[in-house]
Structures are given as C-alpha cells and as structure tokens.
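What follows draws every value from the coordinates through simple rules; no lab data is involved. This is a predicted model, so every value here is computed, not measured. All Cβ positions, even for glycine, are placed from backbone atoms using ideal geometry, and neighbour counts span all protein chains on display.
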C-alpha cells in the first residue's frame, strides 16, 4: 500500500512502511545480494578446494564491500580438520582483496596473514599460483624498511621452476612481470629488462610485459610503482589462471 506525499515542487511515492520506491528497490537488491552470498557459501562449504567457485564468491564480496565476511568464512573452512591447500589460497586472496580499502598499518597485517596462508598451502602442496602470489605480496613491502623484495624474487623464481606444459600462460606471464618488477625495485635494471624480455618472447601478446619493454627511465619507474601500489586492486578473479596443479 502506498501513499502519495505532495508539495508544490514535487511528489514522492512512499511505501506503507515509510520507504520510498527507490529504498524498496534497494532493499530488494540487498536481499538478492545476501541470498547469492549465502548460496555461494553453501556451495563452497561443500567443495572448499574449488578455487574458481571461491574466486567468484570473492568477486561478489568485493562488489558489496563485505571483506570481513569472506575472510571469516574462509578462515573457518581453512581451520577445519583435513582442509586442503586450495582453500588456503582462497583465504590468502580474501586478505588481498581487502588491502586497497585498508589503512597502511592494516595492510601490513593483511599481507602477513595472506603470506602465512600461502605458506601453509605450499607446505601441503606447492603450486605456481601460491608461490607467485606470495612472491608478489612481498614486493609490495617497502624495500628499505622491510627488505622483503629478495624473498619475493625467490618465490617468483620458484614459481617459474614449478611450471609445466599445463601451467596457464596468463599465470606465467604475470610471474615474469612481477619478477622483473622485483629486480627493478632492487635497482637491477639489467636483470629486470632481461626478465621482461624473456617473458615477452614466450608471451608476446601480454600487455603488461609489452608496456614495460616500451618504457624507460621515469616512465618505467612510474609503471612499476603503479603496479606495486597497495591502493590498486589486483586481479584475484583467477580467470585464465586455472588449473594450478
């Protein structure tokens, strides 16, 4: 039941519960959103090692800004007896998803928690994805204060060492990009260029590798610093990077 409230300037439709039609529509959208969240969570609880299912869930979480919801949910699954390496990767990516919206101090802890989850995943079953994400996270830490860039480079090199003919090209191209960025952060410009060139030779269509090879000096520094800016959301959708084993 609706009432029409009018004044000389305009009219607004108000529901019988005191909501405008726009508010009713928003409430319907919100209800639909939470139903989708709950549907995903039921499916993931039944199949926690399904990386793509969890990735699609996390993209919905990102859209709604419900980062703590996905972190809490995936933490519970990861703590269950018999949990596997994939759910720990999903948990790590949930931490990563929250980074751009957090303050500087909180970002440090989110990065730490993500790397811890990835370490546990690697202990269970090493993968190119786990090593590459852990390596990339290390690169985001301030080189002079935390000195983690060399650890990131080591992880990224290990990711390449684990690659097989079945490893998705998109994932490997990202590893070459990040590895070159790591060398660049250490001011080893020769090895950075060598790494990007090697990656571009294998994956000539990759835009990020092409961009780095087309820039020099300050422009190249801006490209790398932008890529490693914690305020920028990185792609955690896992599109085109599966399977990982």
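Net length available on complete extension from residue 232 to residue 60 is 60.1 nm, with 0.36 nm assigned per residue and the Cα-Cα distance removed.
Converting the Cα gyration tensor eigenvalues of the range 126-245 into ellipsoid dimensions via √(5λ) gives semi-axes, longest first, of 21, 17, 13 Å.
Take the Cβ atoms of residue 219 and residue 245, set R0 to 51 Å, and the FRET efficiency comes out at 0.85. Based on DSSP H segments of at least four residues, each scored -39500 (n - 2.57), the chain has a per-residue ellipticity at 222 nm of -22000 deg cm²/dmol. Both radii come from the Cα set of the chain: Rg as radius of gyration, Rh as Kirkwood radius; their ratio Rg/Rh reads 1.10. In terms of its Cα atoms, the range 65-208 spans 44, 36, 26 Å along the principal axes, sorted from long to short.
Size descriptors for the range 27-122 (Cα atoms only): Rg and Dmax, in that order, 13.2, 42 Å.
In the distance distribution for the range 61-115, Cα-Cα pairs more than 12 Å apart total 62 percent.
From least to most packed, judged by other beta carbons within 10 angstrom and beginning with the fewest, 189, 91, 171 follow the order 189, 171, 91. Note on the chain: with a GNM built from Cα contacts shorter than 10 Å, the maximum mean-square fluctuation among 126, 100, 48 falls on 100. In terms of packing, defined here as the mean over residues of other Cβ atoms within 10 angstrom, the peptides 206-216, 159-169 line up highest first as 206-216, 159-169.
Pair-distance distribution of the range 83-166: all C-alpha pairs, bin width 10 Å, starting at 0; shares per bin in whole percent are 20, 49, 27, 4, 0. Would you mind telling me which residue in 198, 130, 63 has the biggest mean-square fluctuation in a Gaussian network model of the chain, where springs connect alpha carbons within a distance under 10 angstrom? Per the Cα network of the chain with a 10 Å cutoff, 63 tops the list. Averaged over residues, the count of other Cβ atoms within 10 Å places the peptides 174-181, 32-39 in the sequence 174-181, 32-39, highest first.
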